[in-house]
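S.K.: Following this message is one structure expressed as structure tokens.
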Amino acid sequence: MSKKEKRNIYNVSFNEKNSTPINAELEAIENIIIDYVVHYIKGWHNERRDKGRGAEHIKLHLEKGSEGEINLEELLNLGNSIREYLKIFKEPFDDGRGGKVFEWENDEGVRFRIATDKIKGEGLIPPLSPFDEIIITFYSDRNLNEKMEFKNPKVREYYENKEIKQEQIKTMQEAVKK
């Protein structure tokens, strides 16, 4: 991931930048490149309703001990996380309501979710493009009562199989030691 992309994500989160595209180049059939673009926007958060979208909403998860806590490095690596997800699962999960979901688990077992949706052009700001999606929220399963359940069955199966393989390797290693 480029330093510029990280800087732009930081500037949307903490400075005056309103939006930055996160490109996820995918190789398709016959090496045609498809550009999947998700926009990370400044957004808003309504404290009374605990609703929002974009950086203003996501920044609440940067607070130590918050439900769904994320750290700055995880936030700045959003683009890389989306690209890694697409390498494995090829496309985001359709939540059935028009939104898309990216989910994964890091090496420490922390699970993450990014939810995106189409820009509907509501309000005074025109949409960036009628096809663009924006990041609504990004959070982890840190400080939640239960481990996050993956919405995407492919992701769930992938990590269950990965866990089984790791257990088999551990069992084999212990058998070799004896």
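S.K.: Tell me the net charge near M172. Cut-off is 13 Å between Cβ atoms, M172 excluded, with +1 for each Lys or Arg and -1 for each Asp or Glu.
M.R.: +2
S.K.: If you don't mind, another one. So how do 149-157, 169-177 stack up, highest first, on mean other-Cβ count within 10 Å?
M.R.: Answer by packing, highest mean first, reads 149-157, 169-177.
S.K.: Additional query: Among 106-112, 78-84, how do they line up from the highest to the lowest mean number of other beta-carbon atoms within 10 Å?
M.R.: The packing order, highest mean first, is 78-84, 106-112.
S.K.: Here's another thing I want to ask about it. Let me check I've understood the local charge: for F112, count other residues with C-beta under 10 angstrom from its C-beta, Lys and Arg +1, Asp and Glu -1. What total comes out?
M.R.: Working: positive: R111, R113, R142; negative: E74, E103, E105, D141.
Its environment carries a net charge of -1.
We did not get these values from a lab; they are worked out from the coordinates using the rules stated. Quick caveat, the model's predicted, so the values are computed rather than measured. Neighbour counts run over all protein chains shown; Cβ positions are idealised from the backbone, glycine included.
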